[in-house]
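So the structure is just underneath, and the comments pick up after that.
The values are calculated or read from the model by the stated rules, or taken from the named source; none is laboratory data. On a predicted model such as this, the values are computed, not experimentally measured, just so you know. Every residue, glycine as well, gets a Cβ built from its backbone with ideal geometry; the counts of neighbours run over all protein chains shown.
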Amino acid sequence: MTRSTRGLCLTEAGQNFYQSCKSVLVDIKDAEAAASATVLNPTGTLRVTASLSFSVHHIAPLLKEYTARYPNVRVYIEVSNPYHDLIDNNIDVAIRTREFERDSNVTIRRLAATRRILAASPGYINTYGVPASVDDLATRNLLLYTYANSPNELNFCRGQETRSIHVQGLLESNDGQVLRAAVLSGFDHGCLSTPTCASRP
């Protein structure tokens, strides 16, 4: 700035600095406008991972509505029961049925609660009957989901009373749909999650 008795005026260097700053501010406004447009009308690829059961019965039915709302987004569903590293596999959203996430950098939101229940087909019950007590389950060969927390341990609650028993798996799988199909065939009792039991064949 040059100061005189009549006031202040920019030097040549000051004028150049002003024009440069003005240009930078315009670029910032353009960048903010582009970012806002992306939020309102997202583009690119959304990579989602979930189990086979969840993908088939919960994600797939929503895809038509989602792509109609966001036509510029390409959706990729990574169907996987093992829990892959989100960063290494370039995953945007992972839907998982466990109580914690090992990576502290991942943002976690609880969507719903689920639990394991015992299920059996009517044919199996007609042949072998209903277990008379919780202890009877320890002598039966159950169908177990290997990715459950403590798959060989069943916890039962009634009011304030809780019981835990150790069980053996005659059939074990990392996919609930395999166990569900085996239960429906009359194989044995299956320890299935509530979403897997509620899903249609």
For segment 118-131, enumerate the residues that are within 15 Å of Val183 (Cβ to Cβ) and loosely packed, with under 13 Cβ neighbours inside 10 Å. Pro122, Gly123, Asn126, Thr127, Val130
Filtered residues of segment 88-106 (kept if at pLDDT below 75, of a type in the set (A, V, I, L, M, F, W, C) and either surrounded by 14 or more Cβ atoms within 10 Å (Cβ to Cβ) or within 17 Å of Leu46 (Cβ to Cβ) (or both)): Val106
Determine, yes or no, whether Leu137 is outside the structural domain of Ser53 (by TED's automatic domain parsing), free of Cβ contacts under 8 Å to residues at least 40 places away in the same chain and not small (Gly, Ala, Ser). no
Pick from Val75, Val79: which is touching a helix residue (DSSP H, G or I) at 6+ places or on another chain (Cβ under 8 Å), farther than 30 Å from Ser185 by Cα and modelled with pLDDT of 85 or more? Val75
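Per-residue answers, yes or no, for (1) aromatic (Phe, Trp, Tyr); (2) surrounded by fewer than 12 Cβ atoms within 10 Å (Cβ to Cβ):
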position	(1), (2)
Arg140	no, no
Tyr147	yes, no
Arg158	no, yes
Ser164	no, yes
Arg180	no, no
Within segment 15-51, restricting to residues that are modelled with pLDDT of 80 or more and among the small types (Gly, Ala, Ser), the one that is surrounded by the most Cβ atoms within 10 Å (Cβ to Cβ) is Ser51
